[in-house]
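First up is the structure itself, then whatever we jot down about it.
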Amino acid sequence: LWIAITLITSQPALADERFTISTNAIEVADKSTGLTWRRCSEGQVWDVDKCTGKAQEFNYKGAQTHARKQATKTIKWRAPTIDELATLVKPAGKPVAIDVDVFPGTAPRQFWSATPHESEATQAMVVYFKGGHVYKYHRNNKAHLRLVR
């Protein structure tokens, strides 16, 4: 039992020096940007040492609505801008272009940002974590969501 407690409480030290994992392991502070991320994708929950459950898929409007509903008086969770979300890309990551030790269970799929496309009203910006690409995506399509504050 003592070993299990030690592993859980020492977990922040296991993260890349850029990231600090909270003691309850459900948030990740990024020292390089000053942002704090939810460790699991929306729809998943932290369970001892991994994100479990199925990551929800949203259209763009649904993702923005969900993000607003997650904000409370004390914690202002929100959908990230495309520039913020792109900071999580780890180009050499396989099979997902994100640090899976810090963000386990991240699907190699598109993740919504709060950023609309500059000139096409039917499009918004996503990060595709299979290859780490940033591009426009039709707002009616489904994608995952990771919240930030």
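Yes/no per residue for (1) charged (D, E, K, R); (2) open to solvent by less than 10 Å² (accessible area, probe 1.4 Å); (3) in a strand (DSSP E or B):
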site	(1), (2), (3)
92	no, no, no
95	no, no, no
103	no, yes, no
108	no, no, no
115	no, no, yes
124	no, yes, yes
134	no, no, yes
140	no, no, no
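Right, residue 130: part of a loop (DSSP other than H, G, I, E, B), closer than 16 Å to residue 55 by Cα and without any contact (Cβ under 8 Å) to a residue 60 or more places away in the chain or not? Outline the logic, then answer.
Numbers: part of a loop (DSSP other than H, G, I, E, B): yes; closer than 16 Å to residue 55 by Cα: yes; without any contact (Cβ under 8 Å) to a residue 60 or more places away in the chain: yes.
It is true that residue 130 is part of a loop (DSSP other than H, G, I, E, B), closer than 16 Å to residue 55 by Cα and without any contact (Cβ under 8 Å) to a residue 60 or more places away in the chain.
Can you say whether residue 42 is at pLDDT 95 or above, on the phi < 0 side of the Ramachandran plot and in a loop (DSSP other than H, G, I, E, B), as far as the supplied structure shows? Spell out how you get there, then give the answer.
Working: at pLDDT 95 or above: yes; on the phi < 0 side of the Ramachandran plot: yes; in a loop (DSSP other than H, G, I, E, B): yes.
When the stated conditions are applied, residue 42 passes them.
Give me the pairs: first residue in segment 44-58 and closer than 10 Å to residue 144 by Cα, second residue open to solvent by 70 Å² or more (accessible area, probe 1.4 Å), beta-carbon distance under 9 Å, and six or more apart or on different chains, which are they?
Listed pairs, sorted by first residue: 55/109; 57/109; 57/142; 58/142.
Would segment 74-85 turn up any residue that is at pLDDT below 95, within 23 Å of residue 26 (Cα to Cα) and open to solvent by 60 Å² or more (accessible area, probe 1.4 Å)?
Among the residues of segment 74-85, at least one is at pLDDT below 95, within 23 Å of residue 26 (Cα to Cα) and open to solvent by 60 Å² or more (accessible area, probe 1.4 Å), which makes the answer yes.
Can you tell me which residue among 90, 76 is within 22 Å of residue 22 (Cβ to Cβ), touching a residue at least 40 places away in the same chain (Cβ under 8 Å), in contact with a Gly (Cβ under 8 Å, 6 or more places away or on another chain) and among the charged types (D, E, K, R)? Show your work before the answer.
Values: 76 fails: in contact with a Gly (Cβ under 8 Å, 6 or more places away or on another chain).
Result of the check over 90, 76: 90.
Sort out which residues of segment 49-67 are at pLDDT 95 or above and either open to solvent by 100 Å² or more (accessible area, probe 1.4 Å) or outside any helix (DSSP H, G or I) (or both), and write them in order of number.
We begin by selecting, within segment 49-67, every residue at pLDDT 95 or above; these are 50-67.
Within segment 49-67, 50, 51, 52, 53, 54, 55, 56, 57, 58, 59, 61 meet the criteria.
On the basis of being without any contact (Cβ under 8 Å) to a residue 12 or more places away in the chain and acidic (Asp, Glu), does residue 84 make the cut?
Working: without any contact (Cβ under 8 Å) to a residue 12 or more places away in the chain: no; acidic (Asp, Glu): yes.
Taking the combined requirement at face value, the residue does not satisfy it.
Looking at this structure, is residue 116 modelled with pLDDT of 95 or more and over 16 Å from the mean Cα position of the chain (by Cα)?
Values: modelled with pLDDT of 95 or more: yes; over 16 Å from the mean Cα position of the chain (by Cα): yes.
For residue 116, the condition - modelled with pLDDT of 95 or more and over 16 Å from the mean Cα position of the chain (by Cα) - is met.
The values are calculated or read from the model by the stated rules, or taken from the named source; none is laboratory data. From a predicted model like this one, the values you see are computed outputs, not experimental measurements. No Cβ is skipped: glycine too gets one built from the backbone with ideal geometry, and neighbour counts run over all protein chains shown. Please note that ligands, DNA and RNA were not included when accessible areas were found on the heavy atoms of the full protein model with its side chains. Shrake-Rupley method; radii C 1.70, N 1.55, O 1.52, S 1.80 Å.
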